[in-house]
Structures are given as structure tokens and as C-alpha cells.
1. Quick check: is even one residue across the stretch 30-53 within 30 Å of Asp97 (Cβ to Cβ) and charged (D, E, K, R)?
2. Report, by residue number, each residue of the stretch 45-55 that is touching an Asp or Glu at 6+ places or on another chain (Cβ under 9 Å) and hydrophobic (A, V, I, L, M, F, W, C).
3. If a residue must be surrounded by fewer than 17 Cβ atoms within 10 Å (Cβ to Cβ) and not basic (Lys, Arg), how many such residues does the stretch 23-64 contain?
4. Looking at this structure, is Ala107 in contact with a His (Cβ under 6 Å, 6 or more places away or on another chain) and modelled with pLDDT under 95?
5. Taking interchain pairs and intrachain pairs at least six residues apart, which have beta carbon atoms under 7 angstrom, with the first residue in the stretch 85-111 and closer than 16 Å to Ser66 by Cα and the second modelled with pLDDT under 90 and among the hydrophobic types (A, V, I, L, M, F, W, C)?
6. Within the stretch 17-59, track down each residue that is farther than 22 Å from Val86 by Cβ and of a type in the set (Val, Ile, Thr).
7. Being within 26 Å of Asp101 (Cβ to Cβ), at pLDDT below 95 and in contact with a Ser or Thr (Cβ under 7 Å, 6 or more places away or on another chain): is that true of Ser62 here?
8. Can Val86 be described as closer than 13 Å to Leu5 by Cα and modelled with pLDDT of 95 or more?
Amino acid sequence: MSALLVLCTCPDRGSADAIARTLVESHQAACVGILPGMVSVYRWKGAIEQADEVQLLVKTTSARYSEVEATVLAMHPYELPELIAVEPVAGLQRYLDWVQDETAPGATDPA
């Protein structure tokens with residue numbers, strides 16, 4: 001099982017917060033970084049668009065990716081949300097182990 005960094009843009013802080021909290025509470029992600037103040041320029045339906053967005057950096061594992069994808073698709077307000085998973089080629093092993101532990105099947109919160 002390998003660690004993944006999943007990138008996802010959101011239109012506002014409220015939707016970003018809701019998605020991030022759901023992913024972490026359900027152990028689909030060990031951590032979600034929320035980066036505000038991003039501007040995206042893109043082509044959509046034949047027109048060049050520009051939008052203020054919030055970037056999510058989701059730390060998860062390949063075993064949980066399909067759940068992350070399903071949650072984002074269910075919660076995201078965009079017709080076609082950005083959802084790109086990148087597998088790190090290196091990282092601090094203790095951090096990668098923590099990501100694995102937090103997203104392992106049956107992971108629970110301490111009582």
C-alpha cells in the first residue's frame with residue numbers, strides 16, 4: 001500500500017473545509033492541507049475562465065483512493081472537480097507510516 005498526495009481545488013473555503021473534515025473524520029485521509037488564495041486560469045466549454053479557488057492537499061493511500069474519489073464527487077459543487085493523485089517517490093518514512101496507520105482499514109480514534 002503506497003502513500004498518495006491527492007490534489008483537489010474547491011470554489012470556496014466552506015466547501016474545502018467540509019470535504020477536508022469528512023475525509024479525515026472517516027479515516028480516508030490522514031491529513032488535508034487547505035491552501036487559500038489560489039487563482040486558476042483554465043479552458044472550460046470553449047472559453048478561457050479565471051477563478052479564485054482553494055487547493056486541497058489530501059494525504060492518503062492508494063488503498064483508500066477510490067473512497068476519497070467517491071466522497072469528493074458526492075460533496076463537491078463543481079460539475080468536474082480536479083482530482084489528481086500523485087505517488088511520492090520519497091518521503092520521511094515515519095510520516096508515511098503515520099499516513100498508512102491513520103488510513104488503515106479499521107482505524108479508529110482514541111477513546
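The values are calculated or read from the model by the stated rules, or taken from the named source; none is laboratory data. What you are looking at is a predicted structure, and each value in this text was computed from that prediction instead of being measured. Because the Cβ atoms are built from the backbone with ideal geometry, glycine has one as well, and the counts that use them run over all protein chains shown.
1. no
2. Answer for the stretch 45-55, where residues must be touching an Asp or Glu at 6+ places or on another chain (Cβ under 9 Å) and hydrophobic (A, V, I, L, M, F, W, C): just Val54.
3. From the stretch 23-64, those surrounded by fewer than 17 Cβ atoms within 10 Å (Cβ to Cβ) are 25-26, 31, 33-52, 57, 62-63; that's our starting set.
Then drop every residue that is not not basic (Lys, Arg), which leaves 25-26, 31, 33-42, 44, 46-52, 57, 62-63.
Total satisfying the criteria: 24.
4. Numbers: in contact with a His (Cβ under 6 Å, 6 or more places away or on another chain): yes; modelled with pLDDT under 95: yes.
Against the criterion (in contact with a His (Cβ under 6 Å, 6 or more places away or on another chain) and modelled with pLDDT under 95), Ala107 qualifies.
5. Filtered contacts from the stretch 85-111: Gln100/Met1.
6. Initially, the stretch 17-59 is screened for residues farther than 22 Å from Val86 by Cβ, giving 17-18, 21, 25, 43-52.
Of everything in the stretch 17-59, just one residue is farther than 22 Å from Val86 by Cβ and of a type in the set (Val, Ile, Thr), namely Ile48.
7. On the way: within 26 Å of Asp101 (Cβ to Cβ): yes; at pLDDT below 95: no; in contact with a Ser or Thr (Cβ under 7 Å, 6 or more places away or on another chain): yes.
No.
8. Numbers: closer than 13 Å to Leu5 by Cα: yes; modelled with pLDDT of 95 or more: yes.
Considered against the rule, which asks whether it is closer than 13 Å to Leu5 by Cα and modelled with pLDDT of 95 or more, Val86 comes out as yes.
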